[in-house]
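**Q** Would you mind keeping the following structure in view while I ask a few things?
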Amino acid sequence: MKTAQLPRIYLAGPDVFFPDAGARFAHLAALCFARGMVGEAPSDAGVSALLSEGIAPQEVARRIYVENVQHIRNCDAVLANMTPFRGALEPDSGTAFEVGMAIALGKPVALYLPQGLEDTGPRIRRICGHTADGADGRYGALIEDFGLPLNLMLACACAFFTTPTDGLDHLQQILL
């Protein structure tokens, strides 16, 4: 182990938006602990209490942002759930931000895609259709098709897995 302290893993993903968020993060934290690491769920900055105190929603959002940015800075790596969120095409934008920040800070990032590692191009064509000129049929935009499971900016910067367990095994090899 590189330090006497257990490596800390920031657990990014849209899991925070689901009613069973606590159980989801407890499961991920247990997976981290079993590998000699500490899993840290994103902070909600005590959103319910702050809103009940009459704190403006924009201020609550700012506090959540500040706390999670500090969490990422303090962690040794990031494990990110890249499940398409509120649609079948793209991951949660907040998660994408957290991944980008971790990469900019030089931290290892493991992404997991429970939906599998299907190439982006065929997935978009299946979901949106496509036109004769190769654009997607829903939005009319070009289709990125490099044989990667997500946008190239994520795919070229991170290791991909289909389960959080595999992603954590990868981070364990790097950090311990």
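**Q** All but one of (1) surrounded by 11 or more Cβ atoms within 10 Å (Cβ to Cβ); (2) without any contact (Cβ under 8 Å) to a residue 12 or more places away in the chain; (3) over 18 Å from residue 168 (Cβ atoms); (4) of a type outside the set (Asp, Glu) hold for residue 73; state the number of the condition that does not hold.
**A** Evaluating residue 73 over (1) surrounded by 11 or more Cβ atoms within 10 Å (Cβ to Cβ); (2) without any contact (Cβ under 8 Å) to a residue 12 or more places away in the chain; (3) over 18 Å from residue 168 (Cβ atoms); (4) of a type outside the set (Asp, Glu) leaves (2) as the failure.
Residue-wise test of (1) of a type outside the set (Lys, Arg); (2) in contact (Cβ under 8 Å) with a residue 60 or more places away in the chain; (3) under 20 Å from residue 160 (Cβ atoms).
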site: 9; (1), (2), (3): yes, yes, yes
site: 31; (1), (2), (3): yes, yes, yes
site: 39; (1), (2), (3): yes, no, yes
site: 44; (1), (2), (3): yes, no, no
site: 54; (1), (2), (3): yes, no, no
site: 57; (1), (2), (3): yes, no, no
site: 85; (1), (2), (3): yes, yes, yes
site: 119; (1), (2), (3): yes, no, yes
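Listed here are the residues, each with its yes/no results for (1) closer than 30 Å to residue 123 by Cα; (2) at pLDDT below 95; (3) of a type in the set (A, V, I, L, M); (4) in a loop (DSSP other than H, G, I, E, B).
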residue	(1), (2), (3), (4)
29	no, no, yes, no
35	no, no, no, yes
51	no, yes, yes, no
69	no, no, yes, no
72	no, no, yes, no
88	yes, yes, yes, yes
99	yes, no, yes, no
103	yes, no, yes, no
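**Q** Separate question: Which numbered condition trips up residue 45, out of (1) among the aliphatic types (A, V, I, L, M); (2) at pLDDT 95 or above; (3) assigned to a loop (DSSP other than H, G, I, E, B)?
**A** Exception for residue 45: condition (2).
**Q** Right, next: In region 151-160, is there at least one residue being assigned to a loop (DSSP other than H, G, I, E, B), exposed (fewer than 14 other Cβ atoms within 10 Å of the Cβ) and out of contact with any strand residue (DSSP E or B) (no Cβ under 6 Å at 6 or more places or on another chain)? Break it down stepwise before answering.
**A** Going through region 151-160, the residues assigned to a loop (DSSP other than H, G, I, E, B) turn out to be 151, 156-158.
Now drop any that are not exposed (fewer than 14 other Cβ atoms within 10 Å of the Cβ), which leaves 156.
From what is left, the residues that are out of contact with any strand residue (DSSP E or B) (no Cβ under 6 Å at 6 or more places or on another chain) are 156.
Yes, region 151-160 contains at least one residue that is assigned to a loop (DSSP other than H, G, I, E, B), exposed (fewer than 14 other Cβ atoms within 10 Å of the Cβ) and out of contact with any strand residue (DSSP E or B) (no Cβ under 6 Å at 6 or more places or on another chain).
The values are calculated or read from the model by the stated rules, or taken from the named source; none is laboratory data. Fair warning: this is a prediction, and the values are worked out from it, not measured in the lab. Cβ sites come from the backbone with ideal geometry, for glycine too, and all protein chains shown count toward neighbours.
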